[in-house]
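Read through the structure below, which is laid out as structure tokens, and then see the notes.
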Amino acid sequence: MDTVFGTLINDELKLVNHRMLRSGVQHRHDIRPLDPQPYDPVEVHLLTPGQAGFDQITLIHTTDGSPPAGSRGEPVNGTVIPLERVHIEWDSLIWDYVVHWQAVIPGQPDQTMVQYIISAWSNDGDETFADWPDIDDAVQHATMLHFKSIPEDTALPESGPFPGQGVFNYHVDIIHPPHWASEAIIYQVLVDRFYPGDDQAWRQTTDVYQHCGGTLWGVRDKLDYIAELGVNCLWLSPTWVSPSPHGYDVTDYDHVEPRLGGDEALRAVVKEAHQRGIRVLLDMACNHLSNEHPIFIEAQKDEHSPYRDWFFFDERIEHGYKTFFHVPSMPRLNLAFPAARDWMASNAVRWLRDFDVDGYRLDVADGLGPGFWPYFRQACKAAKPDCLIFGEIIDTPHRLRTYTGRLDGCLDFPLNDALRRTFVWETLTKPQLQAFVDNNAAYYTDDFVAPSFLDNHDMNRFSFIAGNNAEKLKRAVSFQMQLPNPPIIYYGTEVGVRQADDLMDRGFGVSRIPMIWGDEQDTDLLSFFKQEIQARKERFAGRNGDL
């Protein structure tokens, strides 16, 4: 049994996703080229089911920063371009034809933000705007039913649309990922589970859903261990003020959680990591925040609050507002709303400038969709041009590729699945895995950063599903270290941290157990990791610069 978080973890959920992608009017930011350069014409692609019978589809676009507006091909703001029917195919999984449509937006100069809306209609029928209704709501609902997080008879509620939804965009620029990313070897640390600090004891180590007592001072005290492992990039779990051990429900983006050591501790980690040639990435949740955040509290209490449109309030849906996977303590942000979007981007910029962090791993990046990230990336790169920003998107390679030019890259979840199927479940052969890797490399652009990983904090540890078979782990690590993808090592994997059987009924926290130190560590396994990391560094030497 493998516990993995995601909306595509079995055939039933994959089928739901596939059918929803072919319902209504679906664009999903499907443009070509994926990352428009100055003066590149851009093809805009769209799908509709044949039974919908649309005979007119138009696009209205702007290039001056103002939002496009209009209806049935009549612009209120912007320029109209009709879409043409270019291809029809049969899809047995929806038992209907699928109609492909296309329009071309003329090339634009560098630093242009192109925004557009798309609508479809037939004769006197209703007008339907692209990507509404939101298929992500239906897919999330099906996933929650699968995990039994909501009652089986719970119907999908109606909601929205909300301000800003239905507006698509792309940014014309020549921004690229930092050169150092190609040689990055990343070590993922859950701060609360790593180390309390020299001469400090764990608060407790048995309940993975309560605070264990790890701190940023503890990370600082173990930087020599991290450096000796051979990694050159440290990914920290969220460090902002938060009531939870994981930190993904932020109540204050202006300060570091005092329990973790406060601002001073993070400054110390970054400074001393840089002295050792190690870059530091923060884990940032932009999709949602805590229901204890003052902004949300005000917006919930006062429907006239300027923050009201920053969230998805609707009495027809559970809790009265949209949340991250129905968790009421994590209200989702509407970052299509300009003021909310600019506020979140400014939060990221501050920590790049004031704390000299080197970038972000972006939690639930697909929850916001591709439209937010061009603004975020542009702001971050202006503040620190060589920062690295990559997203957590648990989806197909096709969806991941949509983020080309919007993020520096995404965590490669499809590759993770292939690695686990090969080295644990043995449902893929090594030649099949190699074919997947080759196709994967060809599918993405050369500068799309797609870090590889064997496990993380939202799935069973690799060693657990491998029956704590060190040889299986070693074979997987050896293969991972030869991939062109920057590898990620989840804390403790390198020393034999073992996930307990009795945690299996505790959900997705099962792999977040405290790090082991001293005589508890598997020194043979640790030596193997060091050798493989060193071999990789020698193999890929010269592909980037130093700090």
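The values are calculated or read from the model by the stated rules, or taken from the named source; none is laboratory data. Since the model is a prediction, treat every value here as computed from it, not as a measurement. Ideal geometry is used to build each Cβ from the backbone, glycine not excepted, and the neighbour counts take in all protein chains shown. Accessible surface is based on the protein model in full, side chains and every heavy atom, while ligands, DNA and RNA are left aside. Shrake-Rupley method; radii C 1.70, N 1.55, O 1.52, S 1.80 Å.
Could you tell me which residue of segment 1-60 is farthest from the chain's Cα centre (by Cα), considering only residues that are among the β-branched types (Val, Ile, Thr) and open to solvent by 20 Å² or more (accessible area, probe 1.4 Å)? First the steps, then the outcome.
Keep residues of segment 1-60 that are among the β-branched types (Val, Ile, Thr), which gives 3-4, 7, 9, 16, 25, 31, 42, 44, 48, 57-58, 60.
Those left that are additionally open to solvent by 20 Å² or more (accessible area, probe 1.4 Å): 3-4, 7, 9, 16.
Values: THR3: 19, VAL4: 15, THR7: 13, ILE9: 17, VAL16: 21 Å.
Step by step, filter segment 1-60, then rank; the result is VAL16.
Is it fair to say ILE94 is of a type in the set (A, V, I, L, M) and either in contact with a Cys (Cβ under 9 Å, 6 or more places away or on another chain) or buried (at least 20 other Cβ atoms within 10 Å of the Cβ) (or both)? Spell out the reasoning first.
On the way: of a type in the set (A, V, I, L, M): yes; either in contact with a Cys (Cβ under 9 Å, 6 or more places away or on another chain) or buried (at least 20 other Cβ atoms within 10 Å of the Cβ) (or both): no.
It is false that ILE94 is of a type in the set (A, V, I, L, M) and either in contact with a Cys (Cβ under 9 Å, 6 or more places away or on another chain) or buried (at least 20 other Cβ atoms within 10 Å of the Cβ) (or both).
Every residue, every condition in (1) exposed (fewer than 15 other Cβ atoms within 10 Å of the Cβ); (2) of a type in the set (Asp, Glu); (3) at pLDDT 95 or above; (4) farther than 30 Å from HIS141 by Cα, yes or no:
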| residue | (1), (2), (3), (4) |
| --- | --- |
| PRO258 | yes, no, yes, yes |
| LYS271 | yes, no, yes, yes |
| PHE296 | no, no, yes, no |
| TRP310 | no, no, yes, no |
| PHE325 | no, no, no, no |
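Checking PRO177 against (1) in a helix (DSSP H, G or I); (2) open to solvent by 10 Å² or more (accessible area, probe 1.4 Å); (3) touching a strand residue (DSSP E or B) at 6+ places or on another chain (Cβ under 6 Å), which single condition isn't satisfied?
Of (1) in a helix (DSSP H, G or I); (2) open to solvent by 10 Å² or more (accessible area, probe 1.4 Å); (3) touching a strand residue (DSSP E or B) at 6+ places or on another chain (Cβ under 6 Å), only one is false for PRO177: (1).
Within segment 447-467, is even one residue of a type in the set (A, V, I, L, M), more than 23 Å from THR7 (Cβ to Cβ), in contact with a Lys or Arg (Cβ under 8 Å, 6 or more places away or on another chain) and at pLDDT below 95?
no
Considering ASP136, ASP64, ASP124, which residue is in a helix (DSSP H, G or I) and open to solvent by 50 Å² or more (accessible area, probe 1.4 Å)?
On inspection, the qualifying residue turns out to be ASP136.
Can we say VAL99 is touching a Pro at 6+ places or on another chain (Cβ under 8 Å), surrounded by 14 or more Cβ atoms within 10 Å (Cβ to Cβ), more than 30 Å from PRO338 (Cβ to Cβ) and at pLDDT 95 or above?
Answer is yes for this residue.
Within segment 276-292, is even one residue more than 22 Å from the chain's Cα centre (by Cα) and in a helix (DSSP H, G or I)?
no
Kindly establish whether GLU152 is touching a Ser or Thr at 6+ places or on another chain (Cβ under 6 Å) and either acidic (Asp, Glu) or surrounded by fewer than 18 Cβ atoms within 10 Å (Cβ to Cβ) (or both).
It is false that GLU152 is touching a Ser or Thr at 6+ places or on another chain (Cβ under 6 Å) and either acidic (Asp, Glu) or surrounded by fewer than 18 Cβ atoms within 10 Å (Cβ to Cβ) (or both).
Look at ASP412 and say whether it is of a type in the set (Asp, Glu), closer than 20 Å to TRP235 by Cβ and open to solvent by 30 Å² or more (accessible area, probe 1.4 Å). Quick ask: steps written out before the conclusion?
Values: of a type in the set (Asp, Glu): yes; closer than 20 Å to TRP235 by Cβ: yes; open to solvent by 30 Å² or more (accessible area, probe 1.4 Å): no.
No; evaluated as a whole, the condition is false for this residue.
List the residue pairs whose Cβ atoms are under 7 Å apart, where the first residue sits in segment 1-29 and is part of a helix (DSSP H, G or I), the second is at pLDDT 95 or above, and the two are 6 or more positions apart or on different chains.
Close Cβ pairs satisfying both conditions: LEU15/LEU93; HIS18/LEU93; ARG19/LEU93; ARG19/ILE94.
Suppose we keep only residues that are in a helix (DSSP H, G or I) and out of contact with any helix residue (DSSP H, G or I) (no Cβ under 7 Å at 6 or more places or on another chain) within segment 345-364. Which one would you say is surrounded by the most Cβ atoms within 10 Å (Cβ to Cβ)?
TRP351
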